[in-house]
Every structure is written in structure tokens, then in C-alpha cells.
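A short write-up of the structure that comes next.
Every read-out reported here was derived from the displayed coordinates using simple, explicitly stated rules and does not represent laboratory data. Please read all numbers here as calculations on a predicted model, not as lab measurements. Counting neighbours? That spans all protein chains shown, and the Cβs are built from the backbone with ideal geometry, glycine included.
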Amino acid sequence: MRGAALLFACLALLQSKGTLPPNLPEVLPSSTPWTLAPLQLASQANIVQADVTVRDSHGNPVAGLQKSNFVVLDNGKPRPLTYFSVIAAHGAHPAPAEPAGNSTDNSQSAAAADASPPRYFAIFFDDIDTSVGDLTMARNAALGMIRAGLGANDHVCIFSASATQALDCTNQAASLEQTIGRIHTHPQYGGDTLPCPKISPYEAAQIANYNDTLALSAVEAEAKQCIRQMIPVGDVEGIKAEADIIWNKERAASLDILQSLRQANQYLARQLGQRALLLASDGFLDDELGGSLETIIQEALRNDVVINSLETKGLFTQDPARSFNDPTAELKEPLNNTTFLYEEQSRVPSEQAAVDALATLAQGTGGYFFHNSNDLTLGFKQLASSPAIAYQLGFPLDVPRDGKFHTLKVNLLPRRKDLTVQARPGYFAPIPGISVGEFFTAMDNAMRGNDERSDVPATLAVAQHHQEVDLTASFNIAKLPFIEHLGRADQKLIVTAALFDSRGQVAEGRRGELDMWLLPATRRRLSTEGLQTRLTLYTERPGNYRLRVVIGESTDARLSIYNQQLQVH
């Protein structure tokens, strides 16, 4: 059977002109093949699921573990596992998963293990605080990963901290290579504001935020040696003012990185499937930015987005601090011992401070931190590829719907020091009302039925051309509910369509999604003009088919359902 053709396009919006950040378009269409999920997955909305990877001392995934090898602690209390499955990537064949009680039988476990759900992977290049050489190495490693080939259900999207380059999630290698090839540095930190004394961003942060006397003394000692006395000798307040200027510049750059990272995280959260983000960076200072980091982590946890971090500096040999034996053009005499010793002693802490944010984001979301290695190609392979073997653990979501955060800890039995466990660090209890997972489960369940309804302000037109079935959904934007957020109107529309044969089996199915972040002017225009999407199904086998279409809008979780009998010649 030839693959289904799909055109999921916004006919009006694609002609819209505006000045938007490239990584946050007003309309973002996407599509994936669709088929009915195994029945046992229909209750996943009522299960807390943890995807677990166990690695050996070399970072390789470990196979052969059973349900009895895992203990899951929810807020410190053990929870009995009611769901267990083994997921094998790239055609690997692990030992059959052990069924857990009555929730999963052997055939369903095998089906889960063989399933390959859509996977959305965002590569985020820090082109603000990463050096030219390191960014080039990271870019080449990413290109190598793309050229090695993507999985059939893999979708990769590109983001940059400067928001100068971005690409919506796609599996088209040529588009990805073109976008990655255009990535280059956009440094925002302008360096020292004075030629002498030289104050690094780390020194500036120590002085501005912690009034570090050692750092202050080192800068003061150098200031006394400056040929041009930009800061008078003994002017401690002048040094502090200079440190404030330098730190504020570095802080602004770090905030820009985190803001772009948050937008990438929010974009990724709207994709239906497995979601992971790879942050490639030399690192950046996060002093007094803990609140911004925590916001990103909490949003990622709520939306099941894993952040993997790759330190692009790797291992390198670095010259010692400025030599006190060789005078510089800005000093009257060789560098003094106080400044030299401080720069030497603070080298390791300053390097550690730069990558603390990378480690925090990975650890806080259950991701992996790849560092202390010059093999960035290996880093991209490990962080961007699904592990060959992973384990899915689940227990009932029988907690109050209060929205509170629950910590998760996964332990192995028997305990082994040579193995590490990578898993999500926690989950949020649901809030009153329907959850995102429940909504998509409801859409899939609706595809199983025969009823019809019209709760979404949309109409459906069906045109058949021999073996092709063209669907056109027209939406009344004026009657659609939106969520107002950051000056935009947010909404997600989903169209699921399938041809069922005479046996009730899915002969062809597709799901299209349309994410909208509309500016006020665009929303007003579309409220008048309307919005259309088009979906095309194709089958080569003649016969009688039942066309079933479910249209959903995510804000109020409403559905419209259509049935039609078709004869394909």
C-alpha cells in the first residue's frame, strides 16, 4: 500500500505577514500517521507512567530487567506496579516484558514493546554564550546525527538562544541540515568595559552578588598596576560599580538564553508523542536566576518534556592564568601575585558555575548531562537517540486532584553501584477537569464508536477522487475558545481521520494538529475570513469503507464526530 498523502495547511494564515520571533510562529501545522492504540493503553490517563533507562558504567542501556527489579517511591512511599513494559528501539528484541497483574497480558506487552510512538526532539543551540569553535563542533555533531538517518516517526526541530534560527519539527533531513548550517554565534556580552583592570563575568558575579572580598582584593590589586588609572587607587565602590555593569550584561544574556529555552520547551510541550530537548551550550552563569530555571523545570515536568544537556566545551587543555612574569600592555609591571593566585584558584569554580545550569536542567527533568568529553558526536548520539532498551513502569493515579507535585524515585533490586537509573524526578497530580492525556484518550476512544456530534464550531467537506479521499475542515475562529497568554491567543486543533474496512480494521489513518498562537490582528482577521485545513487519505484496495473523522479543540476539550460510507473503485 502506498503511504498516505497529507496536506495539513492553513490556507489563510500562510499568507499572513508579520514580525514574529522565528521560534514562535502564529500557526504551526504538523501531522503523523494514526492507528488505534492497543486497548490496554486506553487507561493510561489514569496511570502514572515513568519511562526508565538503566545504564552501565560506560553509559550503555541495560537489558533483561524484570518488573521485580524495580521499586518506585511516590513521595517516599513504595507504590505497587500495575503496568510494566519493555520498549526496544531500532528493531532490538529484548526479553518479553513481564505482565503486571491483570492490567497487561503477554500479547499487549509485546504490542507495546514493538510500538514506535511519534518522537519530537528539539535541538537548542546556545549561540549567545558558546564560543565560535565549540558551537562549530556542536553544529557538526548535530549534522552527523541527522545524516546518520532519522527514525520513521522521529521529528526534529531546531532552536537557537538568539532566536535568529529556528525550524519547526520535521523529519526532512535537507531542511534540518540547512538550518543547522546557518547557526553561528551571537554574543551579547561585550567583554570588559575597561581595558584595565580585567574583570571576568565570574568575578563580577562574585563581587556584585556576594561581595566576595577575595575577588574584590584581586581586582583592586590589579587596578593599582594599571597604566591608565580608570579606577582610582582605593576606590572600592568604583570597582563594585564596574562589577555591577559587567554582571548585569552577563545576567541579561543568561536571561535571554533561558527565555528562548522556555519558548522551545513550550513549543515542544504541544507535540503529541515522546518529547525531549537537547541543550547544547558552553554553559552560562545562573546566579540569582534560580527562579527562571525552576519555572522551566516545572513546565517541563508538567508536560513530560525531558531536557538533556550537552556541554560543548568538553575536555581541553587551558593555559594558566595570566602570567605574572610577562607584563601586558595595560600594566605598569608584571601581574601581581594576589590577582594571579585568585585567577588560578577560581578557575575550576568558575568553570563549574558555568555548567551548573546545564546539570540542573537535566537532573530536574530526568534527563542526561553529557560533559567532560570531546566526542560531541557521541554526545548527540546518546542524547538524541532513543535508548536501545527502556522500561515503562506504571501505577494507579489514585491521588487527590490538587495539582501538587509528587517526587518519584526509582530504585533497583538488588542494588548495584555500577548501574545508574535515569527516570523522571516526579509528576504533578491532576487538577479538576479533564487533562491533556485524558483528552487525547477521549479522541482515540471516539474513533472506536459510531456516534456523531457537532460540538466544535467547524464543518467538514468530503470529496472523493477514485482512491483518494480529500477532507476540508472549516473552522469558525470567532466561536472558538482561546487561552490568552503573553499577548497571544492560544488554541490547539486536532483532526483525526481514518478509513475502516468491512472488518472494522483501520485501512488508513492520519492525525493532523494545528497549534495557534495568534496575535490580536490575526485573530480578528481570521474571525472574519475563517480558517481551513485539508487532509487527504489514500488507499489502493477497492471496497466499501467507513470514513470516521474526529475533530477536537483543546481549550474546552470539545469534539465533533462524523461518519460517512464510501466505496473505493
Once label points are set 7 Å from the Cα along Cα→Cβ at both residue 555 and residue 289, what is their separation, rounded to one decimal in nm?
-> 3.4
Spin-label model distance (nm) - residue 464 vs residue 566, 7 Å beyond Cα toward Cβ | 0.8
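Below 8 Å between Cα atoms, with a sequence gap of 6+, how large is the relative contact order for the range 192-263 in percent? Please report the intermediate quantities before stating the final value.
Details: 62 pairs, mean separation 26.2, N = 72.
Over the range 192-263, the number comes to 36 percent.
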For the range 366-465, give the magnitude of the charge dipole about the Cα centre (Cβ charges: +1 Lys/Arg, -1 Asp/Glu; no others), in debye to the nearest 20.
-> 620
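So which chymotrypsin sites (Phe, Trp or Tyr not before Pro) in the range 446-510 are both in a DSSP loop and have at most 16 other Cβ atoms within 10 Å of their Cβ? The partial results should precede the final answer.
Details: sites: 475, 482, 500; in loops: 482.
Answer in residue order: 482.
Enumerate by residue number the trypsin sites (Lys or Arg not before Pro) in the range 332-414 meeting two conditions: DSSP loop (anything except H, G, I, E, B), and at most 15 other Cβ atoms within 10 Å of the site's Cβ. If you can, show how the numbers build up before the last one.
Values: sites: 332, 347, 381, 401, 404, 409; in loops: 332, 401, 404.
When the trypsin sites (Lys or Arg not before Pro) of the range 332-414 are filtered for loop state and at most 15 Cβ neighbours within 10 Å, 332, 401, 404 remain.
How much length is gained on full extension from residue 374 to residue 248, taking 0.36 nm per residue of separation minus their Cα-Cα distance? All intermediate terms of the calculation are to be shown ahead of the outcome.
On the way: separation 126, 0.36 × 126 = 45.36 nm, distance 3.13 nm.
The span from residue 374 to residue 248 would gain 42.2 nm if fully extended.
Using Cβ contacts closer than 10 Å as the measure, can you line up 130, 136, 185 from fewest to most?
Values: 130 27, 136 15, 185 18.
The most exposed by this proxy come first: 136, 185, 130.
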Compare the peptides 217-225, 459-467 by average per-residue count of other Cβ atoms within 10 angstrom and give them in order, highest first.
-> 217-225, 459-467
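Could the peptides 46-53, 364-371, 58-65 be put in order, highest first, of the mean number of other beta-carbon atoms found within 10 Å of their residues?
Highest to lowest by the protection proxy: 364-371, 46-53, 58-65.
Between residue 175 and residue 345, what's the calculated FRET efficiency when r is the beta-carbon distance and R0 is 60 Å? Round to 0.05. Can you show the working numbers first?
Details: r = 48 Å, r/R0 = 0.80.
Rounded to the nearest 0.05, the efficiency is 0.80.
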If each part is reduced to its alpha-carbon centroid, the range 156-223 and the range 50-77 end up apart, in Å, by 36
Taking the Cα centre of each part, how many Å lie between the range 434-503 and the range 542-562?
-> 5
Virtual spin-label span in nm between residue 546 and residue 152, 7 Å along Cα→Cβ | 2.6
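Compute the relative contact order of the range 467-569 as a whole-number percentage, counting only Cα pairs closer than 8 Å that sit 6 or more residues apart in sequence. Each step should come with its number before you reach the end.
Numbers: 203 pairs, mean separation 36.4, N = 103.
For the range 467-569, the relative contact order is 35 percent.
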Net lengthening on full extension, residue 474/residue 193 (0.36 nm per residue, minus Cα-Cα) = 95.5 nm
Taking the Cα centre of the range 442-506 as origin and charging only Cβ (+1 Lys, Arg; -1 Asp, Glu), how large is the dipole, in debye to the nearest 20?
-> 120
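Which three semi-axes in whole Å describe the equivalent ellipsoid of the range 365-472, each the square root of 5 times a Cα gyration tensor eigenvalue, listed largest first?
41, 25, 14
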